[in-house]
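The block underneath contains the structure these notes are about, expressed in C-alpha cells.
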Amino acid sequence: MKRKKSRENAFIVIFESFFFDEKEEDFLARIERMEDLSFSSYSKELISGVLKKRDELDSKIKLYLKNWEIERISKILIAILEISFYEILYVDDVDFPVSINEAVELAKKYFGGDGPSFVNGVLGSFVKTI
C-alpha cells in the first residue's frame, strides 16, 4: 500500500477517534476488526503515534494557529494537522514538503473551501521554525 493511501486510512481512523471515549488499546483493537479499511504498517504507525502523542501534537498545533482556538477548528482539519505534525516531528524518512502536500490533498478531499489553505498556512509556519 502506498503511503498516500496509508495516510488517508490513518486519517479516517484518527478523525473517528474524536467520537469514541475508549482507551487507546481498545480503540486500536476495534479498528483492527474493521473490514472496509486495510491498514499498512505505516497506517498503524501513524494511528498509534498520533493517539499516543495527541496532547503534545495539539499543544504544538496551537502555537501556529493565528486568531483561532483549536476548539473551534473542525475535527477533520485537526486530524489532518495531527498526522502531518507527527510525520514532521517523528518520521525520519518523510520530507516536510511531502507531508504538507499530502495534508493539503486530504483537506481538499475531505473538507474543501478554505481548509486546504488553512492547513498549508499552519504547516508552513510550523516548518519555518524547524
Straight-distance crosslink candidates among aspartates and glutamates, where the alpha carbon sits under 15 Å from LYS109 and sequence neighbours closer than 8 are dropped: GLU8
Students often forget the sequence filter, so: which lysines lie under 21 Å Cα-Cα from LYS128 once same-chain residues fewer than 8 apart are removed? LYS60, LYS62, LYS66
Of all stretches in the chain that avoid GluC sites (Glu not before Pro) placed in a DSSP loop and having at most 13 other Cβ atoms within 10 Å, the longest is 70-130
To the nearest 20 debye, the chain has a Cα-centred charge dipole, built from +1 on Lys and Arg Cβ and -1 on Asp and Glu Cβ, of 400
Mind pulling the angle between the C-alpha long axis of helix 96-110 and the longest principal axis of the chain? Nearest 10 degrees, somewhere in 0 to 90. 70
Over 18 Å between Cα atoms: which of LYS4/LYS108; LYS44/LYS75; LYS23/LYS53 fall into that group? LYS44/LYS75
With everything on Cα atoms, drop me the angle between helix 115-128 and the longest principal axis of the chain, reported from 0 to 90° to the nearest 10. 70
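What FRET efficiency, computed as 1/(1 + (r/R0)^6) with R0 = 35 Å and r the Cβ-Cβ distance, is obtained for SER117 and SER40, rounded to the nearest 0.05? Intermediate results must be reported in sequence, preceding the final value.
Working: r = 29 Å, r/R0 = 0.83.
Approximately 0.75, to the nearest 0.05.
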How long, wide and thick is the chain, going by the Cα atoms along their three principal axes, in whole angstroms, largest first? 39, 30, 27
Under 8 Å for C-alpha pairs, at least 6 residues apart: give me the relative contact order for the chain, rounded to a whole percent. 24
Within the stretch 13-94, report the trypsin sites (Lys or Arg not before Pro) that DSSP leaves as loop and that have at most 12 other Cβ atoms within 10 Å. LYS23, ARG33, LYS66
How far apart, in nanometres, would the label points at LYS66 and PHE18 be if each is projected 7 angstrom from Cα along the Cα-to-Cβ direction? 2.3
Once Lys and Arg get +1 and Asp and Glu get -1 on their Cβ, which of PHE11, VAL127, TYR110 lies farthest toward the positive end of the dipole of the stretch 3-128? VAL127
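From the helices alone, meaning DSSP H stretches of at least four residues, give me the mean residue ellipticity at 222 nm for the chain, per-run term -39500 (n - 2.57), in deg cm²/dmol to the nearest 500. Write down the numbers at each step before the final one.
Values: 6 runs with 92 residues, N = 130.
The helix-only estimate for the chain comes to -23500 deg cm²/dmol at 222 nm.
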Residue separation times 0.36 nm, minus the C-alpha to C-alpha distance between SER59 and THR129: what's the value? 23.7 nm
Could you derive backbone 3J(HN,Hα) for the stretch 67-77 from the dihedral phi with the Karplus parameters 6.51, -1.76 and 1.60 (θ = phi - 60°), listing whole Hz in sequence and x where the residue is Gly or Pro? 6, 9, 9, 4, 5, 9, 8, 4, 4, 4, 5
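Just so you know, all these numbers are worked out from the coordinates, no wet-lab data involved. Bear in mind the structure is a predicted one, so any value in this text is a computation, not a measurement. We place every Cβ from the backbone using ideal geometry, glycine too, and count neighbours over all the protein chains shown.
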